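*Asks:* Dropping a structure here in structure tokens format, bear with me for questions.
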Amino acid sequence: MSSAAPHQRMLGAAVVGRLPGLGCAPLALERGERGLFLLWCAYAGLLAFGALLLWRAGAWHRLLDADPTGLTLVIALLFIGCTAWAGRRAWVLGEQRLALDRWIATRTPGASGDWSHEYRSGCAPAGADRATWLQVLGERAHGPHEMAWWLNGIQLKLGLLGKVIGFSILALQLGQVQTFDASMSGQLLKSLTGGLGIALLTTVTGLTGNILLGLQLMRLDRFADALIADAIASAAPPQETPDGDRPHGA
């Protein structure tokens, strides 16, 4: 049901989709009040703690110094921006979940901006085009995720671009070698490892960002799927009786 299915064929998302539990329906914690957002906060906290440990170990400085192309920094900034967006999206989906649960429990209609209430209102008139309203509901729940999945793939592509650039630099440096002298081997190896370092570091950074962001987007998609399913169930018309227009017992 997720509109991001074509994007999940990418390497990072394919790995994420096979991790235990991530392709399942929303967990009990996610279904609780603000559960999805709180789960994202915990995940973001782990990421921030890991980034702090890397900074204290000096890994970030060495990573940026070893990549003169700046692609590693671009990938990191893109990941941070998308992660912040995922947190905001988790809050929005949680608000919609609360409104839907309120309707299911008390039949209290939500305020303006309630996607499920909009869907129920559109399907209520006789002869309403339920398919069109279902598409609208799907766009509300899944539409913004398309750009996030695209940016998630861009991280991977930037990493591969860094690999191409790194190996191109390596090939150019090898092409400039006229003669090989044992006394020059140290300097030669130092110059060659520069291009190799760019290729490896950008690729690793792109893959890591792709997988870690895919974890977040996968759970957002599954939560949105469950939201759509419950919204459809809440708007389902009552079953007709055998007589067609009279309730049971009449």
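Any read-out appearing in this document is the output of simple, stated calculations on the displayed coordinates, not a laboratory observation. All figures in this text were calculated on a predicted structure; none of them were measured in a lab. Virtual Cβ from ideal backbone geometry, glycine too; neighbours counted across all protein chains shown.
*Asks:* Over region 28-234, calculate the relative contact order: mean separation of alpha carbon pairs under 8 Å at least 6 apart, over the residue count, as a percent.
*Replies:* 30 percent
*Asks:* Go through 206-215, 86-95, 65-74 and give me the packing order, highest mean Cβ count within 10 Å leading.
*Replies:* Those peptides, ordered most packed to least, come out 206-215, 86-95, 65-74.
*Asks:* How long is the gain from Leu64 to Leu38 if the chain were fully straight, where each residue apart is worth 0.36 nm and the alpha carbon distance is subtracted?
*Replies:* In short, 6.2 nm is gained.
*Asks:* Can you work out the Karplus-derived ³J(HN,Hα) for every residue in region 126-139? Use 6.51 cos²θ - 1.76 cosθ + 1.60 with θ = phi - 60°, whole Hz, and x for glycine or proline.
*Replies:* With coefficients 6.51, -1.76 and 1.60, one gets 5, x, 5, 7, 5, 5, 5, 5, 5, 5, 5, 4, x, 5 Hz.
*Asks:* Same structure, new question: Over all alpha-carbon pairs of region 28-234, lay out the pair-distance distribution in 5 Å bins, whole %, shortest bin first.
*Replies:* With a bin width of 5 Å, the distribution comes to 1, 7, 12, 13, 13, 11, 9, 8, 7, 6, 5, 3, 2, 2, 1, 1, 0, 0.
*Asks:* Here's another thing I want to ask about it. What residues of region 199-219 lie in the reach of a label at Trp55, counting those whose backbone N is under 19 Å from a point 7 Å from the Cα along Cα→Cβ?
*Replies:* 209
*Asks:* Still on this model: Once you put a point 7 Å from the Cα of Leu196 and another 7 Å from the Cα of Ile104, both along the Cβ direction, what distance in nm separates them?
*Replies:* Between Leu196 and Ile104, the simple spin-label model gives 5.7 nm.
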